[in-house]
Amino acid sequence: MGVLVLGALLFLLALGMPIAFALGLVSLAALWVTEGFSAVVFSGETFFAGLAQFGLVSIPMFILMGAAVSSSPAGRDLYEALDRWLNRVPGALVLSNIGACSLFAALSGSSPATCAAIGKMGIPEMTKRGYPKPLAAGSIAAGGTLGILIPPSITMIVYGIATETSIGRLFMAGILPGLLLTGLFMAWALFDCWRRGYSLSEMTKRYTMHERFQALPRVLPFLGIVLAILFVLYGGVATPSEAAGAGSFFCLLLAIVIYKMWQARPLWNVFRSSLRESVMIMMIIGASELFSFTLSSLFVTQSVAEWIAALEVNRWVLMGVINVFLLIAGFFLPPVAVILMTAPILLPIITEAGFDPYWFAVVLTINMEIGLITPPVGLNLYVINGIAPDISLKQILIGSAPFVGCMVLAIVILCLLPGLATWLPTAMMGQGF
C-alpha cells in the first residue's frame, strides 16, 4: 500500500499538480478505497487539525519579515557594504555575494528570496568584471540555500512543529553549521578564483574608510533585529510567534523609514508576496497532516519504522541510509514537504539510535539545501535562470556542483564533530530536548 500511495503521489507531481493538492487527492483516494466513505468524512477535521497549532503563527510573520526586506533595497545595501569591505581580496566579489547571501538569509529565511535579491545585483556585476558565468551563477544559487539553515528559518520552524522540539533550540543549532557552510563556500570560491587566475583585484574600485562605514547604517538595524530575535528566543523572553510578530513589524517599519516606502503600491507588494507564500506553505502543512494520517491509518509509517529499526546495522550505516533517502527525496520535493512527511517517522528512529534530534535537524536541512540546487526540481537553479536568462541551466548547474561537494563535506564534519550543532543550544539554553 505504501508503494502504491507513493507511486500515485509521484505520478501526480510529475503531471505538474501542486504539492498540496497532490497530497490531498492521494490521501482522500487511499482512505476511500481502504476505509470507505466514512473515513473521508473526517478528512476536513484532520486537515484543519494540522493548521490549528499556535506555533504556526510564526511562519507567516517570518515570511512577512523576509518580504519586507526582499521588497526593499536592503539586499542591494548588504551587497554594497560587503563589496566595500572585501574589495581588495582576490575573488572578493564572489566572497561579497556569498556573504551577502548569508546575511540576507538571516533576514528573509527564504532561499528563493535570497537568490533573487542578491542575484539581481551580484550576477551582472560579476560577469561585467570578468568572472566566469558558471561561478557567478553557481555561487549565488548555493549561497541562497543558506536561507533555510541560518535562523530565523521557516524550515526549522516546520521541523520543530512536526517533531514537537524547541524552535529556539533549533535556531541556535543552525548558527554554527550555517557559518561553517558559509566558510566552506567562501573557501571554495577563493580556491577556484586562485586556480583560474581570477584575482581581478586591479579591476576593483578602491574605497576609503569613510565610504566603507557609510554603507553600514542602513544594514546594521536589520541585522540587529535578527540578533534581538535570537536573544529573546534563547533567553525565554518571548515565544517564536511573539518574536516573529515583533520582528516582522520592526522590519516593515525600518523598510518604510529607511527606504521611504510610503506609497501604497510597495507595501501592497510586500503583503501580497507574503500572503501568497504563507498560504502555499499552510496548504502543504494541512495536506501533509492528512497524508500522514492516511499513511498511519494504513500502517505504512509503523511498518517502515519497524523495518528500519529492525535493521541490525551500525548506527552510522543507518544514518547513511537515512541521508541517501533524504537526498533523493530532496531532489523531487521542496524542504517543507519532505520534513512534514518524513521527520515524524524518522525522529523516533534516530533518537533510538542515539542521535541528537537537533543535530539531525541540521543534517536534514543541509540535505534539503542540496536538493535546492540539483535537478530535476532545483528551485534555486530556476530562480537564477529567471533573473539571468543569458546564463543557461547547464552553466548554472556546473557552477553549483562544487558547492554540493561543500555541503556533503559539511555533513561529514557534523558527523565527526556533532558539537557544532549541539554545543550552542546547550550552552545558551541548558540540557534537554
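Since every read-out is calculated from the coordinates, none of them should be taken as a lab result. Only a predicted model underlies this, so the values are computations on that prediction, with no experimental measurement involved. Here the Cβ positions follow ideal geometry from the backbone for every residue, glycine too, while neighbour counts run over all protein chains shown.
Comparing Cα centroids, the stretch 234-283 and the stretch 1-59 end up 30 angstrom apart. The long axis of helix 167-196 is offset from the longest Cα principal axis of the chain by roughly 50 degrees.
Each of Ala343, Thr208, Phe222 was scored by the projection of its Cα onto the charge dipole of the chain, and the greatest displacement toward the positive side belongs to Thr208; charges sit on the C-beta of Lys, Arg, Asp and Glu. Restricting attention to the chain, lysine pairs at least eight places apart or on different chains and with alpha-carbon atoms under 24 angstrom apart total 9. For the stretch 124-134, 3J(HN,Hα) computed residue by residue from phi via the Karplus equation (6.51, -1.76, 1.60; θ = phi - 60°) reads x, 5, 5, 5, 5, 8, x, 5, x, 4, x Hz, glycine and proline entered as x.
Sort Phe171, Phe355, Phe249 so the one with the fewest other Cβ atoms within 10 Å of its own Cβ comes first.
Numbers: Phe171 25, Phe355 21, Phe249 15.
The order, fewest Cβ neighbours first, is Phe249, Phe355, Phe171.
Karplus-derived 3J(HN,Hα) values for the stretch 150-161, using 6.51 cos²θ - 1.76 cosθ + 1.60 with θ = phi - 60°, are 6, x, x, 10, 4, 4, 5, 4, 4, 4, x, 6 Hz; glycine and proline are entered as x. Think of it as helices only: each DSSP H run of n ≥ 4 in the chain is worth -39500 (n - 2.57), and spread over all residues that comes to -25500 deg cm²/dmol at 222 nm. In terms of other Cβ atoms within 10 Å, Val404, Val270 run from fewest to most in the order Val404, Val270.
Computed with the Debye formula from one identical point scatterer per Cα of the chain, without solvent, the log10 of I(q)/I(0) at q = 0.06, 0.07, 0.13 Å⁻¹ comes to -0.25, -0.34, -1.17. Along the axis of the charge dipole computed for the stretch 16-142 (Cβ charges of +1 for Lys and Arg, -1 for Asp and Glu, origin at the Cα centre), the listed residues Leu51, Ala136, Gly36 are led at the positive end by Ala136.
Put a plus charge on the Cβ of each Lys and Arg, a minus charge on the Cβ of each Asp and Glu, and nothing anywhere else: the dipole of the stretch 6-121 about its Cα centre is then about 420 debye.
When each of the peptides 319-328, 258-267, 28-37 is scored by how many other beta carbons lie within 10 Å of its residues on average, the order from highest to lowest is 319-328, 28-37, 258-267.
As a rough guide to protection, the peptides 121-131, 365-375 ranked by mean Cβ packing within 10 Å, highest first, stand as 365-375, 121-131. The magnitude of the dipole of the chain, with charges of +1 and -1 set on the Cβ of Lys/Arg and Asp/Glu and taken from the Cα centre, is near 1660 debye. For the peptides 136-144, 42-50, the ranking by mean Cβ contacts within 10 Å, running from highest to lowest, is 136-144, 42-50.
Projecting the Cα atoms of Ile284, Thr365, Trp268 onto the charge dipole of the stretch 218-367, computed from C-beta unit charges around the Cα centre, puts Trp268 farthest toward the positive end. Note on the stretch 279-433: semi-axes of the ellipsoid equivalent to its C-alpha gyration tensor, largest first and rounded to whole Å, are 28, 22, 16. Each of Met209, Met1 was scored by other Cβ atoms within 10 Å of its Cβ. Arranged with the fewest first, they read Met209, Met1.
Our coupling estimate for the stretch 266-282, obtained by passing each phi through the Karplus curve with A = 6.51, B = -1.76, C = 1.60 and θ = phi - 60°, is x, 5, 4, 5, 4, 5, 5, 5, 5, 5, 4, 5, 5, 5, 4, 5, 5 Hz, Gly and Pro reported as x.
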